[in-house]
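Written out below as structure tokens is the structure these notes cover.
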Amino acid sequence: MTAQIINGKEISAAFRKTLAQKIADFPSEDMPVLAVILVGDDDASKIYVRNKQKAAAEVGIGCEVMEFSSTIGEQALLNVIDELNANHHIDGIIVQLPLPKHLDRLKILSRIAPSKDVDGFSPYNTGLLSYNSPDAFISATPKGILHLLLSTGIELEGKHAVIIGRSNIVGRPVSTLLLNQNCTVTITHSRTQDLPSIVKTADIIIAACGQPCLIKGDWIKEGAVVIDVGINRIDGKLCGDVDFAEAVNKASFITPVPGGVGPMTVAMLLANTFAAFCRHQQSSHHCNCDHHHCNCQG
């Protein structure tokens with residue numbers, strides 16, 4: 001068996017094209033707006049923010065980047081978020097991670113108004129996800145993973161999904177998302193014993209542990225679907241958490257690195273921003289739709 005490649009770059013491009021068409025249906029003065037808070041001089045964070053700016057512009061979403069010194073005080077940053085929460089022209093707010101160590105990440109993220117928390121990292125939105133509420137903003141990477149899984153056409157209900165990694169950004173929320181799809185979910189992590197034998201039972205593998213090429217071909221059950229979230233660099237080349245050269249001969253579907261999950265993350269952030277915009281339009285009586293069902297929903 002040679003796996004079919006799940007081309008996240010192509011799927012993301014098609015998704016963003018559709019999203020741009022939906023946004024174009026609104027008057028130009030009603031453009032959705034995303035505010036991005038960038039603290040410090042982390043080069044990777046700056047690249048991620050530039051990519052978000054570019055992608056937002058391509059679909060018709062305004063993107064306002066607010067940059068602050070790494071020495072900014074916690075209260076000062078909270079005051080910035082309060083101002084953005086009160087600004088009716090801002091639909092979505094994200095804080096680019098990681099933050100400097102002196103800033104309490106949970107406190108900062110919790111300050112974002114739930115209706116503008118398009119990263120879905122606040123306790124409020126993660127709680128709504130646990131309740132399988134349609135009002136939850138689902139964090140972008142797990143949402144993108146689900147979109148890629150659905151693109152394969154496989155039936156998720158009843159499948160055994162094994163997640164390698166328990167981060168608050170990927171592992172934990174994607175486990176809840178797949179539970180909500182009626183999967184049977186196992187979460188593994190650095191303390192898990194006999195990891196290969198657990199992975200071998202998986203119909204769906206979500207690798208998000210940050211260990212380059214950890215998951216080998218002989219760990220994978222014939223015909224499993226493999227989603228590789230890892231982004232690692234070895235000798236100047238990018239690779240995932242899965243040994244792609246081996247896994248491609250065992251899996252039925254597999255994402256490449258790069259070009260798999262990564263492009264979907266930005267696309268889902270834009271979708272969440274548009275959904276927030278639509279909810280704000282509805283609450284202002286500018287949109288006569290039900291945001292759970294209409295074309296406004298990303």
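The values are calculated or read from the model by the stated rules, or taken from the named source; none is laboratory data. Quantities reported herein were computed from a predicted structural model and do not represent experimental measurements. Glycine gets a Cβ as well: all are built from the backbone with ideal geometry, and neighbour counts include every protein chain shown.
Quick look at the numbers
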quantity: Among (1) touching a residue at least 24 places away in the same chain (Cβ under 8 Å); (2) farther than 26 Å from LEU149 by Cα; (3) surrounded by 18 or more Cβ atoms within 10 Å (Cβ to Cβ) - the single one SER12 does not satisfy; calculated: (2)
quantity: Of residues in the range 232-265 being part of a loop (DSSP other than H, G, I, E, B) and charged (D, E, K, R), the one surrounded by the most Cβ atoms within 10 Å (Cβ to Cβ); calculated: ASP241
quantity: Among (1) under 24 Å from the mean Cα position of the chain (by Cα); (2) surrounded by 14 or more Cβ atoms within 10 Å (Cβ to Cβ); (3) among the charged types (D, E, K, R) - the single one GLU74 does not satisfy; calculated: (1)
quantity: Conditions (1) surrounded by 18 or more Cβ atoms within 10 Å (Cβ to Cβ); (2) of a type in the set (Val, Ile, Thr); (3) in the same structural domain as MET31 (by TED's automatic domain parsing); (4) in contact with a Leu (Cβ under 9 Å, 6 or more places away or on another chain): number failed by VAL80; calculated: (4)
quantity: Scope the range 31-43; condition out of contact with any Pro (no Cβ under 9 Å at 6 or more places or on another chain) and either surrounded by 14 or more Cβ atoms within 10 Å (Cβ to Cβ) or without any contact (Cβ under 8 Å) to a residue 24 or more places away in the chain (or both); matching residues; calculated: MET31, PRO32, VAL33, LEU34, ALA35, VAL36, ILE37, LEU38, ASP43
quantity: Any chance HIS147 is in contact with an Asp or Glu (Cβ under 8 Å, 6 or more places away or on another chain) and modelled with pLDDT of 95 or more; calculated: no
quantity: LYS54 vs. criteria part of a loop (DSSP other than H, G, I, E, B) and among the charged types (D, E, K, R); calculated: no
quantity: Filter result for THR176 (farther than 26 Å from GLU10 by Cβ and among the polar types (S, T, N, Q)); calculated: yes
quantity: Residue within the range 213-231 that is at pLDDT below 95 and in a loop (DSSP other than H, G, I, E, B) present; calculated: yes
quantity: Positions within the range 95-106 being in contact with a helix residue (DSSP H, G or I) (Cβ under 7 Å, 6 or more places away or on another chain) and not in a loop (DSSP other than H, G, I, E, B), in sequence order; calculated: VAL95
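Each row is one residue, and each column tells you yes or no for (1) over 23 Å from SER12 (Cα atoms); (2) surrounded by fewer than 19 Cβ atoms within 10 Å (Cβ to Cβ).
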{"residue": "ARG105", "(1), (2)": "yes, yes"}
{"residue": "LEU146", "(1), (2)": "no, no"}
{"residue": "GLY153", "(1), (2)": "no, yes"}
{"residue": "HIS160", "(1), (2)": "yes, yes"}
